[in-house]
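Enquirer: Sharing a structure below in structure tokens format, with a few things to ask.
The values are calculated or read from the model by the stated rules, or taken from the named source; none is laboratory data. What you see is a predicted model; the values in this text were computed from it and never measured. Here the Cβ positions follow ideal geometry from the backbone for every residue, glycine too, while neighbour counts run over all protein chains shown. Heads up: the accessible areas ignore ligands, DNA and RNA and are worked out on the full protein's heavy atoms, side chains in. Shrake-Rupley method; radii C 1.70, N 1.55, O 1.52, S 1.80 Å.
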Amino acid sequence: MPTILGGGLSGLSAGYYLLRKGIPGSQIKLFEASSRLGGWIKSTRNREHGIIFESGPRTIRPIGVNGRNTLALLEDLQLEKQIVPILKTSAAAQRRLIYVNNQLHVLPSNLKGLFRKQTPFSRPLISALLHDISTGKSRESLPDESIYNFAKRRFGQEIADYAISPMICGICAGNAKEISVKFLMKDLFAKEQKHGGVVKGLLASTFAQGAKKAPEAPSELANRAKAEKWSIYSLQGGLETLPRALESHLQAENVLTRTNKNCFGITFRPNGAELTFREGVEEADSVISALPSYKLAELVRNQHPELSEMLSGIPYVDVGVVNVHYSSGNVLKEQGFGFLAAPAEKIPILGVIFDSCCFDLGSNTVLTVMMGGAWFREYFGATPTEADLLATAQKYLEKILKIDQKPTSTKVNILKKCIPQYIVGHHDRVEAIQKYLVNQKLPLHLCGAAYDGVGINDVILSAKTAVEAYKVS
């Protein structure tokens, strides 16, 4: 009987894939320590104004293997009619901004933009590609390096400072000078190491495509996304519609789901595992952990201190999320998806999402301000108040977006240890963790953002991969 620990998106997805594997729902258990399922995905509806505040992720990308896998899951859950796409032709898709040198700048969104000089860059971006070609192969093979150093080495410092560093803030609220290129951009790094350049590697892989077997046929929803030219998408009622649908699916299939069920320890036996709860001990033939790595580390410390130490070595950051709503029409002077702030600006905010530009919210303007991340303690200390974060958000909305109106409503979220940081060496750390599980023959499978990436698509595919490794006894 498999037991899932953690009821966030990866845990719920693991339950879904166990059912797909043919395991009866009555044999599956899912335990969540908090009072709700869904993890960091939380959509709060304001019915009076017809708006939604997202405190976590809000959109999904439809492309790639990971993206197509999620679309297939949505199709199976019959959520096709609830999808709200953002098309590639929209301002939200075509206008991405960065805040550099106390100004907002629009990033190039098409091929023509590569050949034009565009602030804050001192030269057309095509020069960065030429720099990569002329730089040649590194003198020795690199086991890993930071994304910042990689970008600076291949494309120049401006790209590292003004493009890559803000992008990493948006992906994992991290410091590009610490984040691993081998983990977050594994294929790109491998191509550069093999072919002596990113451009050369991409060209080589393009020419090699014909030799590969045809990819798996996409779902009808994936075909629709391609035909309608989706850039990203969300769901009616907010992204929390997805974990709610998974929860309903599991319960309809008689999967035992329990909230407020906190596990205090795991003891592995030759024929399975014993999980200790306040109410007593639960037995499982296998455990699928969808917990943050630092929480799992606590559960295995007594019996497997080496594994615990490796899991504890994955750092996490805090993020402040402030939703701001204005009911007095469009107060935005800029249109687009939003902006990311370059860390070189040394301000406490990571960026702002223009929710009401992404989705039709009538006469309402809704913005989401993201703050802290790798710099949370530096700017806010260990115990900031919600009032501190709200004041900071309003200060920078006025400074950067020139919004001096008092908001109609706000919501402040302080998300503690919400995003794992893929620091240099993370790829090898995850490999060592998985190798330990195999060598020790532990009936433990891992899924979630700590091991396979922070995006919605990543954690869903992570759950699928973990379940594929689970052997039915």
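Enquirer: Measuring with a 1.4 Å probe in the full set of protein chains, what accessible area per residue, in whole Å², belongs to the chain?
Expert: Accessible surface, normalised per residue, equals 47 Å².
Enquirer: Not counting ligands, DNA or RNA, and with a 1.4 Å probe, what is Phe277's accessible surface area in Å² rounded to the nearest 10?
Expert: Ignoring ligands and nucleic acids, Phe277 comes out at about 10 Å².
Enquirer: With +1 on the Cβ of every Lys and Arg and -1 on the Cβ of every Asp and Glu, and nothing else charged, how large is the dipole of segment 187-311 about its Cα centre, in debye rounded to the nearest 20? Let's see the in-between values first.
Expert: Working: 15 positive and 16 negative charges, 138 e Å.
Dipole of segment 187-311, to the nearest 20 debye: 660 debye.
Enquirer: Suppose every Lys and Arg Cβ carries +1 and every Asp and Glu Cβ carries -1, with no other charges. What dipole size does segment 321-473 come out with about its Cα centre, to the nearest 20 debye?
Expert: 340
Enquirer: If you don't mind, another one. Determine by what factor the alpha-carbon radius of gyration of segment 83-160 differs from 2.2 N^0.38 Å, reporting the quotient.
Expert: Scaled against compact globular proteins, the figure is 1.35.
Enquirer: Take the Cα atoms of segment 348-396, find their three principal axes, and give me the spread along each one in whole Å, biggest first.
Expert: Its Cα atoms span 38, 20, 15 Å along the three principal axes.
Enquirer: Could I ask something else about it? Sum up the charges of everything whose Cβ sits under 12 Å from the Cβ of Ile347, counting Lys and Arg as +1 and Asp and Glu as -1, but leave Ile347 out.
Expert: +1
Enquirer: Then there is this: In percent, how large is the relative contact order of segment 27-79, given Cα pairs closer than 8 Å and 6 or more residues apart? Write out the running numbers ahead of the final one.
Expert: Values: 30 pairs, mean separation 10.8, N = 53.
Rounded, it is 20 percent for segment 27-79.
Enquirer: Under a straight-distance cross-link criterion of Cα-Cα below 22 Å, which lysines are reachable from Lys471, leaving out those fewer than 8 residues away in the same chain?
Expert: Result set, ordered by chain and number: Lys21, Lys29, Lys435, Lys441.
Enquirer: Place +1 on the Cβ of every Lys and Arg and -1 on the Cβ of every Asp and Glu in the chain, take the dipole about the Cα centre, and give the residue among Leu73, Pro124, Ser308 whose Cα lies farthest towards its positive end.
Expert: Toward the positive end, the furthest listed residue is Pro124.
Enquirer: If you project the alpha carbons of segment 227-318 onto the principal axes, what extent comes out on each, in Å, largest first?
Expert: The Cα atoms of segment 227-318 stretch 52, 35, 24 Å along their principal axes.
Enquirer: Report, please, the projected area of segment 11-165 averaged over directions, based on the convex hull of its C-alpha atoms, in nm².
Expert: Working: hull surface 62.6 nm².
Taking the Cα atoms of segment 11-165, their convex hull projects to 15.7 nm² on average.
Enquirer: May I pose another question? Counting only DSSP beta bridges with both residues in the chain, tell me the antiparallel percent, nearest 5.
Expert: On the way: 53 of 70 bridges.
Counting DSSP beta bridges with both partners in the chain, the antiparallel share is about 75 percent.
Enquirer: Let me ask something additional. Take the eigenvalues of the Cα gyration tensor for segment 230-378, scale each by 5, and report the square roots as semi-axes in whole Å, largest first.
Expert: After diagonalising the Cα gyration tensor, the semi-axes are 41, 23, 12 Å.
Enquirer: Using the Kirkwood radius over Cα pairs, work out the Stokes-Einstein diffusion coefficient for segment 294-411 at 25 °C and 0.890 mPa s, in µm²/s as a whole number.
Expert: 152
Enquirer: In square nanometres, what is one fourth of the surface area of the convex hull spanned by the alpha carbons of segment 79-219?
Expert: Projected over every direction and averaged, the Cα hull of segment 79-219 covers 11.4 nm².
Enquirer: Answer with one residue from Thr3, Ile41, Gly25: the one whose Cα lies farthest towards the positive end of the charge dipole of segment 1-159, charges on Cβ with Lys, Arg +1 and Asp, Glu -1.
Expert: Sorting the options by dipole projection puts first Ile41.
Enquirer: I need the calculated FRET efficiency for the pair Lys417 and Ala190, taking r as the beta carbon distance and R₀ as 25 Å, to the nearest 0.05.
Expert: Computed FRET efficiency for Lys417 and Ala190: 0.25.
Enquirer: With the dipole of segment 349-473 worked out from charges on the C-beta (+1 for Lys and Arg, -1 for Asp and Glu) around the Cα centre, which of Leu397, Ala466, Gln434 lies farthest toward the positive end?
Expert: Farthest along the dipole direction, towards plus: Gln434.
Enquirer: Here's another thing I want to ask about it. Might you report the magnitude of the Cβ-based charge dipole of the chain about its Cα centre, with Lys and Arg at +1 and Asp and Glu at -1, to the nearest 20 debye?
Expert: Numbers: 56 positive and 44 negative charges, 243 e Å.
For this selection, approximately 1160 debye.
Enquirer: If the viscosity is 1.002 mPa s and the temperature 20 °C, what translational diffusion coefficient in µm²/s does Stokes-Einstein give for segment 1-95 when Rh comes from Kirkwood over Cα pairs?
Expert: For the chosen part, D equals 135 µm²/s.
Enquirer: Leaving out ligands, DNA and RNA, what percent of the accessible area of the chain is carbon and sulfur, probe 1.4 Å?
Expert: Working: 11080 of 22210 Å².
Carbon and sulfur together cover 50 percent of it.
Enquirer: Let me ask something else about it. Taking only the alpha-carbon positions of segment 156-297 and ignoring solvent, what does the Debye formula give for the base-10 log of I(q)/I(0) at q = 0.13, 0.16 Å⁻¹?
Expert: Log-scaled intensity ratios, in q order: -1.10, -1.18.
Enquirer: Ignoring ligands and nucleic acids, what accessible area does Glu468 show with a 1.4 Å probe (Å², nearest 10)?
Expert: Glu468 exposes around 120 Å² with every protein chain in place.
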